[in-house]
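Here's the structure we're looking at; comments come further down.
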Amino acid sequence: MLGILDPTIATARETIDYAPRPQRLDGLRIGLVENTKKNSEAVLRAVAARLAQAHGMRLEVVVHKPQRAPLKEAQVAGLKGRTDFAIAGVGD
């Protein structure tokens, strides 16, 4: 597990429990989080296509959000249970 240091707190240190990694990549469901920057969706879809070709994964959900904005609860809910992992992308 990796530790994350918060530079705004002088002595506190928090750890994050990461999601377990899948044993196999075959057939996993992909979620994409596109941030509306130029070329963001195109790059994400190209990555998803490569993963589909190489591992039989399938693109399940594409979420669009404004730049510098967090995902809304409804968007997170749309990813949960429908995807095995999500890729957040930037563009330009």
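Derivation of every value follows stated rules applied to the coordinates shown; laboratory data play no part. Note that the structure is a prediction, hence the values are computed from the model and not measured. Every residue, glycine as well, gets a Cβ built from its backbone with ideal geometry; the counts of neighbours run over all protein chains shown.
So how far apart, in nm, are the two label points at residue 23 and residue 73 if each is 7 Å from Cα heading toward Cβ?
For residue 23 paired with residue 73, the spin-label model returns 3.6 nm.
Can you give the Rg and Dmax of the chain based on its C-alpha atoms, in angstrom?
So, for the chain, Rg and Dmax equal 15.6, 47 Å respectively.
Of 62, 33, 76, which has the largest mean-square fluctuation in a 10 Å C-alpha GNM of the chain?
Highest fluctuation of the listed residues: 76.
log10 I(q)/I(0), Debye, Cα-only the range 32-82, no solvent, q = 0.17, 0.20 Å⁻¹?
The Cα Debye sum returns log10 ratios of -0.56, -0.74.
Taking every DSSP beta bridge that has both residues in the chain, what percent is antiparallel when rounded to the nearest 5? Don't skip to the answer; put the middle values down first.
Numbers: 2 of 13 bridges.
Once the DSSP bridges in the chain are tallied, antiparallel ones form about 15 percent.
Find out how many positive minus negative residues lie around residue 54, taking Lys and Arg as positive, Asp and Glu as negative, among other residues whose Cβ is under 14 Å from that of residue 54. Mind showing how you got there, number by number?
On the way: positive: 24, 50, 58; negative: 26.
Residues near residue 54 contribute +2 overall.
DSSP loop (so not H, G, I, E, B), at most 12 other Cβ within 10 Å: list which trypsin sites (Lys or Arg not before Pro) in the range 12-92 pass both filters.
Filter output for the range 12-92: 13, 24, 38, 68, 72, 80, 82.
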